[in-house]
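Student: Quick one: structure below, then a few questions.
Where a number appears in this text, it was derived from the coordinates with a stated rule and is not lab data. Only a predicted model underlies this, so the values are computations on that prediction, with no experimental measurement involved. Here the Cβ is made from the backbone with ideal geometry for all residues, glycine too, and neighbour counts use every protein chain on show.
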Amino acid sequence: MSAVVIYDSHYGHTEKYARWIANELQISLYRLDEIGALDLTTYDTIVFGGPVFHGRVKIANLVNTLIPALYDKHILLFTVGLHPIDATYFKHICVDNFNYLVQQYGDFFQLRGATNHDKMGRWHRLSVWWIKKIGRAIAEEHVKELEETTTNQIDLVSRYRQLVQPIVDRVRFYEKQASLE
Ligand SMILES: Cc1cc2nc3c(=O)[nH]c(=O)nc-3n(C[C@H](O)[C@H](O)[C@H](O)COP(=O)(O)O)c2cc1C
């Protein structure tokens with residue numbers, strides 16, 4: 001299979017999703033700081049995954065820079081954030097982070113992340129407190145999940161494991177198409 005997963009991750013949740021996708025498809029997986037001289041034009045399908053911090057997708061700069069060389073590839077992008085899965089918010093994230101070419105050629109997926117209170121520095125704790133404050137106005141369920149995550153009562157990402165299936169299915173579809181050409 002000529003596909004690859006490239007990801008970045010701070011707290012490990014994007015990495016978890018990226019590994020699930022790569023393992024299920026049996027394809028290579030690279031963290032952003034590992035890609036070095038890797039030539040992405042040798043793949044037919046590239047899956048990029050990045051976390052959202054303060055509305056910014058960490059892997060977006062790389063994708064925006066590479067897209068002119070990859071426009072004839074199948075590009076899938078998944079973002080991982082705490083925000084509940086919501087079309088309006090996600091559209092806003094895509095438009096703010098990705099240039100026009102990426103928006104035209106990419107398949108976008110929104111996945112749910114989590115926080116890791118024990119690994120968090122002071123500024124991130126303050127930010128999460130603020131997100132919770134906003135979240136309270138958006139959805140009680142979201143806030144409840146955040147609080148459970150903070151106390152490590154649940155593994156939020158494992159709860160949302162099924163969200164990777166559409167990504168896996170899409171890659172399989174593209175690879176099948178490529179094999180028929
Ligand atoms: C300081 C901070 C800012 C964040 N900002 C956002 C945000 O703007 N939107 C969002 O959906 N999630 C936000 N999150 C949640 C992260 O995206 C979530 O923790 C995600 O799982 C991080 O990915 P990682 O575990 O791969 O590092 C934020 C988290 C922190 C700690």
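Student: Provide Rg and Dmax in Å for the chain, with only Cα atoms included in the calculation.
Tutor: Rg then Dmax for the chain, in Å: 16.5, 53.
Student: Here's another thing I want to ask about it. Once the stretch 17-57 is represented by equal point scatterers at the alpha-carbon sites, with solvent omitted, what log10 I(q)/I(0) does the Debye formula produce at q = 0.17, 0.19 Å⁻¹?
Tutor: Treating every Cα as an identical point scatterer, log10 I(q)/I(0) equals -0.56, -0.69.
Student: Relative to the Cα centre, what is the charge dipole magnitude of the chain, using +1 at the beta carbon of each Lys and Arg, -1 at the beta carbon of each Asp and Glu, and rounding to the nearest 20 debye?
Tutor: That gives a dipole near 560 debye.
Student: How large is the translational diffusion coefficient of the stretch 82-133 in µm² per second when you combine the Kirkwood radius over alpha carbon pairs with Stokes-Einstein at 25 °C and 0.890 mPa s?
Tutor: In µm²/s, the coefficient is 189.
Student: Could you tell me which of the pairs Lys16/Lys73; Lys91/Lys119; Lys16/Lys91; Lys73/Lys176 are separated by over 21 angstrom between their Cα atoms in the structure shown?
Tutor: Lys16/Lys73; Lys91/Lys119; Lys16/Lys91
Student: Using only the Cα atoms, work out Rg/Rh for the stretch 48-120, with Rh taken as the Kirkwood radius, to two decimals.
Tutor: Working: Rg = 12.6 Å, Rh = 12.7 Å.
Rounded to two decimals, Rg/Rh equals 0.99.
Student: How much mean residue ellipticity at 222 nm does the chain get from its helices, if each DSSP H run of length 4 or more adds -39500 (n - 2.57) and you divide by all residues, to the nearest 500 deg cm²/dmol?
Tutor: Details: 8 runs with 89 residues, N = 181.
The helix contribution divided over the chain gives -15000 deg cm²/dmol.
Student: Sort 113-122, 21-30 by the packing proxy (mean of other Cβ within 10 Å over each peptide's residues), most packed first.
Tutor: Most protected by this proxy first, the peptides run 21-30, 113-122.
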